[in-house]
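Encoded as structure tokens, the structure appears first; notes follow it.
The values are calculated or read from the model by the stated rules, or taken from the named source; none is laboratory data. Not measured: the values here are computed from a predicted model. With ideal geometry, Cβ positions are generated from the backbone for all residues, glycine too; neighbour counts draw on all protein chains shown. Side chains are part of the model used for accessible areas, which takes the heavy atoms of the whole protein and leaves out ligands, DNA and RNA. Shrake-Rupley method; radii C 1.70, N 1.55, O 1.52, S 1.80 Å.
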Amino acid sequence: MTANFDFLKKVDKNLYEIITEAEKLYRDEYFEQCMGQTRRFGEHLCKKVLGQKKHVSVSGRNGEKITFDDMLASLNDCSTGGIEEKEFINDLYFLKKHGNSAVHSASIKKDGITALECLKRAFEAAISFSVYIRGADPDILRRRYNTELLITGERSEKSLAEKYTEAKSQKAVKQKRTSKPGYKKTKKLKKQSSVMVCKTKKKGISLYWILTGISFVVSTVILLVFIISLHMN
């Protein structure tokens, strides 16, 4: 199975094994353990960088082991202020912060997004270490972290540029076809219902006939009253 950090295998096998284990943990959805492992990677990486600097000690006054914080502070003090150095140190601080949070968290959080960001930061730090500290081939500076490779463990046969070109050509073919004279977009015909719905006949006397009956009764009463009054006169 291939990995994003294959270039690191020739530079430092120990670092390579630590970070590839972090990728395995991520693949198995152990996100907190993955962040803890990337923190471990960052600490060992920082120690190796300081070890390259002859005037910086990686142990305490009495030989005790110094903390990750101490090493980062030392690394920050001896920085020349270059952009690459600043980004490298920022990446290490990020790994320390989120690694500590994952290790000391009281509850389990399935934070895959932060774990992925830790892997990406570790990737950038590993490239800087390989090129600027160990003098590896500068071509690896062009590499970008491949999430598909992380998940599947296999590199895609097509590069991102090839995928983009293919998608663009397919879009162009579609636009060319739809722009031809006489092209009509077919509409989907609605399915006709074969079920006949019959209206139920209303029962009872309608309002019209009720009003007609009342009018007839009133007219009849008035007519009778008029006839009776004539006979009396």
What number of residues in the stretch 98-114 are buried (at least 17 other Cβ atoms within 10 Å of the Cβ) and either modelled with pLDDT under 90 or within 15 Å of residue 4 (Cα to Cα) (or both)? 2
Members of the stretch 70-97 found to be open to solvent by 80 Å² or more (accessible area, probe 1.4 Å) and in a helix (DSSP H, G or I), listed by number: 76, 77, 83, 84, 86, 87, 90, 93, 97
For the stretch 17-28, does any single residue satisfy the condition of being open to solvent by 20 Å² or more (accessible area, probe 1.4 Å), modelled with pLDDT under 95 and farther than 16 Å from residue 150 by Cβ? no
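This table checks each residue for (1) modelled with pLDDT of 70 or more; (2) in a helix (DSSP H, G or I); (3) touching a Phe, Trp or Tyr at 6+ places or on another chain (Cβ under 6 Å); (4) of a type in the set (Lys, Arg).
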residue: 124; (1), (2), (3), (4): yes, yes, no, no
residue: 135; (1), (2), (3), (4): yes, no, no, no
residue: 165; (1), (2), (3), (4): no, yes, no, no
residue: 174; (1), (2), (3), (4): no, yes, no, yes
residue: 186; (1), (2), (3), (4): no, no, no, no
residue: 200; (1), (2), (3), (4): no, no, no, no
residue: 217; (1), (2), (3), (4): yes, yes, no, no
Only residues that are touching a residue at least 12 places away in the same chain (Cβ under 8 Å) and not aliphatic (A, V, I, L, M): list them for the stretch 1-23, please. 2, 4, 5, 7, 10, 12, 14, 20, 21, 23
